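Read the structure below first, then the notes.
The values are calculated or read from the model by the stated rules, or taken from the named source; none is laboratory data. As the structure is a prediction and not an experimental result, all values here were calculated from the model. Counting neighbours? That spans all protein chains shown, and the Cβs are built from the backbone with ideal geometry, glycine included. Ligands, DNA and RNA are stripped out before the accessible areas are found, and what is left, the full protein with its side chains, is counted by its heavy atoms. Shrake-Rupley method; radii C 1.70, N 1.55, O 1.52, S 1.80 Å.
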2 protein chains.
Amino acid sequence: MIATPDYRALLDTAIAEARQGLAEGGIPIGAALYHADGRLLGCGHNRRVQEGDPSIHGETDAFRKAGRQRGYRDTIMVTTLAPCWYCSGLVRQFNIGTVVVGESVTFGGGIGWLRENGVNVIDLNDERCIDMMRDFIAAQPELWNEDIGE
Amino acid sequence: MIATPDYRALLDTAIAEARQGLAEGGIPIGAALYHADGRLLGCGHNRRVQEGDPSIHGETDAFRKAGRQRGYRDTIMVTTLAPCWYCSGLVRQFNIGTVVVGESVTFGGGIGWLRENGVNVIDLNDERCIDMMRDFIAAQPELWNEDIGE
């Protein structure tokens, strides 16, 4: 266990994933699953557009890339944007202990519900993440609404 | 819109998927996403074991196989087992209007929460589904617990 995780350094991994997604023509949301000891278990990004697959959100991609794990209590899900209900459900079902979100200004997702259910949610209110999502939503509102089922 | 959907006939598709999963050495949970007009949009089954992928639950697989859709209000998610939080979150985020579950005896999942949030949940209490899960959980309790993060 690292004494005081540098959450913003962990967020950099998720931001790099989000930017890669944007460069691919996709939705710029990235995520990374870390062990609390600092090991990166998996990282990924939304690939709805790239693979025509609506099930691949940033968080589900990072979770998948980490492969089968026996327990998530000591893991940290880091994501550029507050997790939607789908990804919040993932966090709750698998008892992921900590969630670090880049921002929850452009989309609040299920972070209140996660907190009510004992998940440690850290909101970094990161300007890079806010700007990236604001620009994307303004440029492609239809695609964004599709991704959140609205 | 079919006047009175034959939910048990739709469930047969999900059961066939679950049985295929079992035959592959996997966790026997299957699902199918139907349009309310009777069209099958996608179906699939849990493939944690087969692909080493913890993100593929029956419901997420059926959702993925259906590809990108613009709206899910008039769709029916049919699953052999009550959806876990992860899959319940999927249903809520994408506003899937109806969920048909084969059973909720061996695992209750998030069906109460879905009902509270306006989802039409139909529980068929199907003996084939109950027997299949009871046998599986008795035979492989560790694998089952891994799949639900316990």
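Considering only protein heavy atoms, what is the solvent-accessible area of A:Tyr7 at a probe of 1.4 Å, reported in Å² to the nearest 10?
The accessible area comes out at roughly 50 Å².
In the neighborhood of A:Glu24, defined by Cβ-to-Cβ distances under 14 Å, what is the net charge if each Lys or Arg adds +1 and each Asp or Glu adds -1?
Neighbourhood net charge equals -1.
Quick one: in chain B, whose Cβ comes closest to the B/A rotation axis, and how close in angstrom?
Closest Cβ to the B-to-A rotation axis, residue and whole-Å distance: B:Gly89, 1.
Give me the Å³ per residue figure for the convex hull around the C-alpha atoms of the stretch B:7-144. Working shown, then result.
Numbers: hull volume 12.8 nm³, N = 138.
Given the Cα convex hull of the stretch B:7-144, per-residue volume reads 92 Å³.
What GluC sites (Glu not before Pro) in the stretch B:1-81 are in a loop by DSSP, with at most 16 other Cβ atoms within 10 Å of the Cβ?
Loop-located and lightly packed - B:Glu24.
Order B:Phe63, A:Phe107, most accessible first, counting only protein heavy atoms with a 1.4 angstrom probe.
If we order B:Phe63, A:Phe107 from most to least accessible, we get A:Phe107, B:Phe63.
How large is the dipole of chain B about the Cα centre if only Lys and Arg carry +1 and Asp and Glu carry -1, each at its Cβ, rounded to the nearest 20 debye? The partial results should precede the final answer.
On the way: 14 positive and 21 negative charges, 131 e Å.
The calculation lands at about 640 debye.
Relative to the longest principal Cα axis of chain A, at what angle does helix A:127-139 sit, 0 to 90 degrees, rounded to 10?
Around 30 degrees separate the two axes.
Work through the residues other than B:Ile15 whose Cβ is under 13 Å from its Cβ and net out their charges, Lys, Arg +1 and Asp, Glu -1.
-3
How many nanometers, to one decimal and shortest first, lie between the label point of A:Val105 and those of its other copies, if labels sit 7 Å from Cα toward Cβ?
5.3
Using the eigenvalues of the Cα gyration tensor, what equivalent ellipsoid semi-axes result for the protein assembly as shown when each is taken as the square root of five times the eigenvalue, whole Å, largest first?
With the √(5λ) rule applied to the protein assembly as shown, the semi-axes are 31, 22, 16 Å.
Computed FRET efficiency, Cβ-Cβ of A:His35 and B:Asp37, R0 51 Å: what is it to the nearest 0.05?
My answer for the efficiency is 0.65.
Can you list the copy-to-copy distances for A:Ala138, using a point 7 angstrom from Cα toward Cβ, in nanometres, shortest first?
Its label point is 6.2 nm from the equivalent points in the other copies.
How much net charge surrounds A:Glu142 when only other residues with a Cβ under 14 Å from its Cβ are counted (Lys, Arg +1; Asp, Glu -1)?
On the way: positive: A:Arg48, B:Arg68, B:Arg70; negative: A:Glu146, A:Asp147, A:Glu150.
So the environment of A:Glu142 carries a net charge of 0.
How many nanometers, to one decimal and shortest first, lie between the label point of B:Glu127 and those of its other copies, if labels sit 7 Å from Cα toward Cβ?
6.7
In nm, to one decimal, how far is the modelled label at A:Glu24 from the one at B:Gln20, with both set 7 Å along Cα→Cβ?
2.6 nm
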